[in-house]
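These notes concern the structure reproduced below.
The values are calculated or read from the model by the stated rules, or taken from the named source; none is laboratory data. Please read all numbers here as calculations on a predicted model, not as lab measurements. Cβ coordinates were reconstructed from backbone atoms using ideal geometry, including for glycine residues, and neighbour counts include every protein chain displayed.
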Amino acid sequence: MTCNVGSIDRTLRIVAGLVILALGFYYKSWWGAVGAVPLLTGLMNWCPAYSLFGISSCAKKS
């Protein structure tokens, strides 16, 4: 798995994942588990959807 999630994208995914998880716990809803997806993709620096469509937000290496 090569990195396809850049630093800004990674930060946004981690923050969004944590917020969704926290809201799920606060409202006692299973929908909060959806927050695990952006959190895990941010922590792994790899997004399967990006791989599928050939997208990358990583900086280009020169």
Exercise. Within segment 13-45, track down each residue that is among the polar types (S, T, N, Q) and under 24 Å from C58 (Cα atoms).
Key: T41, N45
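If you go through segment 11-26 one residue at a time, do you hit one that is in a loop (DSSP other than H, G, I, E, B) and at pLDDT 95 or above? So that I can check it myself, show each step before the final result.
Start the filter on segment 11-26 by keeping residues that are in a loop (DSSP other than H, G, I, E, B), which leaves none.
No, segment 11-26 has no match at all.
Given the criteria at pLDDT below 95 and either over 12 Å from the mean Cα position of the chain (by Cα) or part of a loop (DSSP other than H, G, I, E, B) (or both), does A59 qualify? Give the steps one after another, and end with the answer.
Numbers: at pLDDT below 95: yes; either over 12 Å from the mean Cα position of the chain (by Cα) or part of a loop (DSSP other than H, G, I, E, B) (or both): yes.
Taking the combined requirement at face value, the residue satisfies it.
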Practice problem: Scan segment 8-33 for residues that are under 11 Å from the mean Cα position of the chain (by Cα) and either surrounded by 14 or more Cβ atoms within 10 Å (Cβ to Cβ) or among the polar types (S, T, N, Q) (or both) and report the count. | Solution: 9
